[in-house]
Amino acid sequence: MRAARPLFAAVALATLAGLAPAVAQASLVNGGFETPDVASWGLKHVGDTSITGWTVVGNTLSFQDSAAFAHLGVVASEGHQFLELSGVVGRGGGVRSDPFATVAGASYRLAFDIGAFFVGGQGSYGNVTVDLWIDGQAAGSFTNLLGLSSAGSDWETQTVDFVAAGAFSTVEFRSSLLTSSSDLGVGLDNIRLNELTSPPPAVPEPGSLALVAAGLGALALRRIATLRDNRGHHAAPSSA
């Protein structure tokens, strides 16, 4: 019977480990749009997947390096590349991420920078609004009111918290169709994702609790038996 007790204990410990909450590891790819390298700028059309980790949706957009228009004040928020969602053709352009790993029930914070531009020699390109979807569900519209009166790039960070619905999630950004949003220059850059909390621990099934109790009981009995054996080995020899 003793040989079965370690097996009970091992199973109980494995059950306890299975009840512990999983650690969420978010893996959003290429949130700064730094790959592939683009020497200057180029237009990307709907369905294009050449920007690592992203698919172009909605309308044409512009994939830009700061080197292209830095002399006019138009630069990335971080790194040296970014997206200009109007693509010089109008509103509605955007990108959808490839599915990235999440843990169902875990809370995440999505942060991203949206840019409005005052272009040297041309003037203000106006306020910008970016629409966001998470797992295909509308998650809000975010506006950057241009605060510049001379050439430059006005980047503002926006954040939204969400609870993952499953093992994978997607995010999608589009230049708003609202006429109050620029149709000339809508910047997107520096997208990042952080876990806030792990999902709540699973509620154990009655059978799991019984298995844990049996395993812990087996450990206790094994300990008692070991103590008795040790006492027997160290008992004083009887006198002749």
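The values are calculated or read from the model by the stated rules, or taken from the named source; none is laboratory data. Model, not experiment: these values are computed from the prediction. Note that we place each Cβ from the backbone using ideal geometry, even for glycine, and neighbour counts take in every protein chain shown. Accessible surface areas use protein heavy atoms only, side chains included; no ligands, DNA or RNA. Shrake-Rupley method; radii C 1.70, N 1.55, O 1.52, S 1.80 Å.
Of the numbered criteria (1) open to solvent by 30 Å² or more (accessible area, probe 1.4 Å); (2) in contact (Cβ under 8 Å) with a residue 60 or more places away in the chain, the one G147 fails is (2).
For residues in the stretch 166-181 being in a strand (DSSP E or B) and closer than 23 Å to E84 by Cβ, which is nearest to the chain's Cα centre (by Cα)?
So, considering only residues that are in a strand (DSSP E or B) and closer than 23 Å to E84 by Cβ, the one nearest to the chain's Cα centre (by Cα) is V171.
With respect to the conditions (1) touching a strand residue (DSSP E or B) at 6+ places or on another chain (Cβ under 6 Å); (2) among the hydroxyl-bearing types (S, T, Y); (3) touching a residue at least 40 places away in the same chain (Cβ under 8 Å); (4) open to solvent by 10 Å² or more (accessible area, probe 1.4 Å), S176 falls short on a single one, namely (4).
For first residues located in the stretch 30-58 and assigned to a loop (DSSP other than H, G, I, E, B), partners that are basic (K, R) and surrounded by 17 or more Cβ atoms within 10 Å (Cβ to Cβ) and lie 6+ apart or on another chain with Cβ distances below 8 Å form the pairs S50/K44; I51/K44; G58/R174.
When the stretch 93-102 is filtered for residues that are closer than 11 Å to G58 by Cα, open to solvent by less than 10 Å² (accessible area, probe 1.4 Å) and not hydrophobic (A, V, I, L, M, F, W, C), the ones remaining, listed by number, are G93, G94. Among the conditions (1) in contact with a strand residue (DSSP E or B) (Cβ under 6 Å, 6 or more places away or on another chain); (2) modelled with pLDDT of 95 or more, the only one that F69 does not satisfy is (1).
Applying the criterion of being exposed (fewer than 15 other Cβ atoms within 10 Å of the Cβ) and of a type in the set (V, I, T) to the residues of the stretch 179-198, the residue that is nearest to G115 (Cα to Cα) is T179.
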